[in-house]
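The values are calculated or read from the model by the stated rules, or taken from the named source; none is laboratory data. Note that the structure is predicted; figures quoted are calculated from it, not measured. A quick note on method: Cβ atoms are made from the backbone with ideal geometry, for glycine too, and the neighbour counts reach across all protein chains shown. Surface areas here come from the heavy atoms of the whole protein model, side chains and all, with no ligands, DNA or RNA. Shrake-Rupley method; radii C 1.70, N 1.55, O 1.52, S 1.80 Å.
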Amino acid sequence: MFGISAILLTYGSISFVDYNFHNPSTFYAFPTYTYVDFEKLAGNYTKGLVKVSRWISENTNRDDCLISHPYTLEWIAGFTGRPVVAVTFGHGNPFLNMEQRRKDIELFFTNPSERSKIIEKYEVKYVILGPYVKWAYNVTIKDFEEGRNFRIVFHWWEFYILQVEN
């Protein structure tokens, strides 16, 4: 039984490596692949993630918390190392209360009267608006023109970074 298990494990490992490192359709086939090359892989959404990440890396403090759609946040957190409110299901779970954090993100974007409370709860310094925020919560930059002060510090295509002003 041990022999069969060893053979299956070895075969599976070799197949994985062969497919991922020798198949020209996978990103890993290119030995010089870096996250900067990510910008070339898709359209404006991907370019926007890279541009937003660069701006955040160059203009924010290491501990400044960000809020946006969880899908956008997982990329931004990966590229910048900045703390975020939540990421999508299946992409790491650094928080015990990830489900509540996702609900708070939705509440932040869909109920403007709750924004101050959520900003204080997570100590949010920056809001990232982008295509997924627009799609999931039907929110655009116009929804941030009233109420608490948000200052636009970055804009490219459908991406905005808003600094939370106290």
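Here are a few things to note about the model shown:
- In the stretch 149-166, of all residues being free of Cβ contacts under 8 Å to residues at least 40 places away in the same chain and in contact with a Lys or Arg (Cβ under 6 Å, 6 or more places away or on another chain), the one that is surrounded by the most Cβ atoms within 10 Å (Cβ to Cβ) corresponds to Q163.
- Hey, T46 of a type in the set (V, I, T) and either surrounded by fewer than 18 Cβ atoms within 10 Å (Cβ to Cβ) or free of Cβ contacts under 8 Å to residues at least 12 places away in the same chain (or both) or not: yes
- Unmet requirement for H69, which otherwise passes all of (1) of a type outside the set (G, A, S); (2) open to solvent by 50 Å² or more (accessible area, probe 1.4 Å); (3) under 12 Å from the mean Cα position of the chain (by Cα): (2)
- Some residue of the stretch 94-108 being surrounded by 13 or more Cβ atoms within 10 Å (Cβ to Cβ) and touching a residue at least 60 places away in the same chain (Cβ under 8 Å): no
- With respect to the conditions (1) touching a helix residue (DSSP H, G or I) at 6+ places or on another chain (Cβ under 8 Å); (2) within 14 Å of L66 (Cβ to Cβ), Q163 lacks only one, and its number is (1).
- Selection count, the stretch 122-148, where residues are closer than 12 Å to I67 by Cα and surrounded by 13 or more Cβ atoms within 10 Å (Cβ to Cβ): 9
- Residues that are among the hydroxyl-bearing types (S, T, Y) and open to solvent by 10 Å² or more (accessible area, probe 1.4 Å) were ranked within the stretch 72-89; the one that is farthest from W135 (Cα to Cα) is T80.
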